[in-house]
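All of the numbers you see were taken from the coordinates with simple rules; none came from a lab. In this text, all values refer to a predicted model and were calculated from it rather than measured experimentally. With ideal geometry, Cβ positions are generated from the backbone for all residues, glycine too; neighbour counts draw on all protein chains shown.
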Amino acid sequence: MSTFSKDDIPGDWRKLLGDYFDSTAWQELETNLQSALDVDPKIIRPEPSHFFRAFELTPVESVKAVILGQDPYHSPGLAQGLAFSIPASIPIHSREFPSSLRNISKALALEGFGHLPNGDLHAWAKQGVLLLNTALSVRLGEAGSHANLGWKSLIDRLISALAAQRPQLVWMLWGGHAQSKLPLIESGIDQFILQSSHPSGLGVYKTDKPFLEPGARASCGHFSKTNKWLRELGKKEIIWVGGAPQTDLFGKS
């Protein structure tokens, strides 16, 4: 039987969350998730052992940047417990390859980093990019199906605590849902906040801060701006696409 408890969360992240685990909000999430798992864990994505994969790969002290997603992918074979990431085995030109990742790859190429070789973003997580969804589970085939189980309380507390305790992080907020967390981040210390439309589908172009310019003529520049910020702080840049960092739009690596 699959179980769900605070012990599934790495110790450094539990410490960051402090007394949250004494709250009724945590008890509600714990009860709701366990009930869902008791019904049928095989219809939940990602696998329960990967709910907290982002925290396992990116310890608190290694976080340099945060990319906020919304739901895990609800199609079979995609969700990994990392926002936007999918297995490397999914062909780039297949129907299964998400539009958001296609547009992320286009943005990277426009900024001089090259196209993603596949959709697996584990290498980003291991370099300090926290790939955080705001709900960490979903039922297969039902987008948003676990959004009301109580994940919001945990993720909001985590965002607030991270912004308060870790100054000078980069936050990439793509789309209205991610941008709804702005007050939590702004209450922190010296946070570098980047905003644009969401990279999925046609919405990628449809705001006054597009992720891509119409016709994919230009990118929002978030990946280059992140590396520029890290350089100025004397920190190691993110290698977004294999090999060594390349020259970006905002200066040489």
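About the Cα centre of segment 1-81, what is the dipole size in debye to 20, counting +1 per Lys and Arg Cβ and -1 per Asp and Glu Cβ, all else neutral? Don't skip to the end; give the middle numbers.
On the way: 7 positive and 13 negative charges, 61 e Å.
Rounded to the nearest 20 debye, it is 300 debye.
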- With +1 on each Lys and Arg Cβ and -1 on each Asp and Glu Cβ, how big is the dipole of segment 75-150 about its Cα centre, in debye rounded to the nearest 20? 40 debye
- Computed over segment 118-234, Cα set: Rg, Dmax in Å: 15.3, 44
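Among the listed pairs K64/K225; K106/K181; K152/K228; K64/K126; K64/K181; K15/K152, give every one whose C-alpha distance is greater than 22 Å. Walk me through the numbers before you get to the answer.
Details: K64/K225 13 Å; K106/K181 26 Å; K152/K228 31 Å; K64/K126 11 Å; K64/K181 18 Å; K15/K152 18 Å.
Flagged as over cut-off: K106/K181; K152/K228.
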- Beyond 17 Å, what percent of the Cα pairs of segment 59-134 remain? 45 percent
- Mind checking Rg over Rh on the chain, alpha carbons, Kirkwood formula for Rh? 0.95
- Note on the structure: Rounded to one decimal in nm, the spacing of the 7 Å Cα→Cβ label points at T31 and L140 is 2.9 nm
- Message: What distance in nm separates the two pseudo spin-label positions at L182 and D12, each 7 Å out from Cα along the beta-carbon direction?
- Response: 3.0 nm
- Note on the structure: Under 5 Å from the placed amide H of S197, counting only residues 5+ away or on other chains, we find G175, K209, F211
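Compute, for the chain, the length of the dipole vector about the Cα centre, with Cβ point charges of +1 (Lys, Arg) and -1 (Asp, Glu) only. Units Debye, rounded to 20.
Values: 25 positive and 25 negative charges, 173 e Å.
Its charge dipole is roughly 840 debye.
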- For the chain, built as a Gaussian network whose Cα springs stay under 10 Å, the top-fluctuating residue of H50, H222, H93: H93
- Of the candidates W151, S94, L116, the farthest towards the positive dipole end of segment 83-168 (Lys/Arg Cβ +1, Asp/Glu Cβ -1, centred on the Cα centre) is W151
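Relative contact order for segment 6-232: what percent, with Cα pairs under 8 Å and sequence separation of 6 or more? List each step's numbers first, then the result.
Working: 394 pairs, mean separation 50.7, N = 227.
Normalised by residue count, the contact order of segment 6-232 is 22 percent.
Looking only at trypsin sites (Lys or Arg not before Pro) in DSSP loops with at most 11 other Cβ atoms within 10 Å, what is the longest site-free stretch of the chain? Intermediate results must be reported in sequence, preceding the final value.
On the way: sites that count: R95, R217, K252.
The reported range is 96-216.
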- Message: Just to be sure I understand: with springs between alpha-carbon atoms less than 10 Å apart, which residue in G215, G128, G242 has the highest mean-square fluctuation in the Gaussian network model of the chain?
- Response: G215
- Message: I need the calculated FRET efficiency for the pair I193 and E232, taking r as the beta carbon distance and R₀ as 22 Å, to the nearest 0.05.
- Response: 0.90
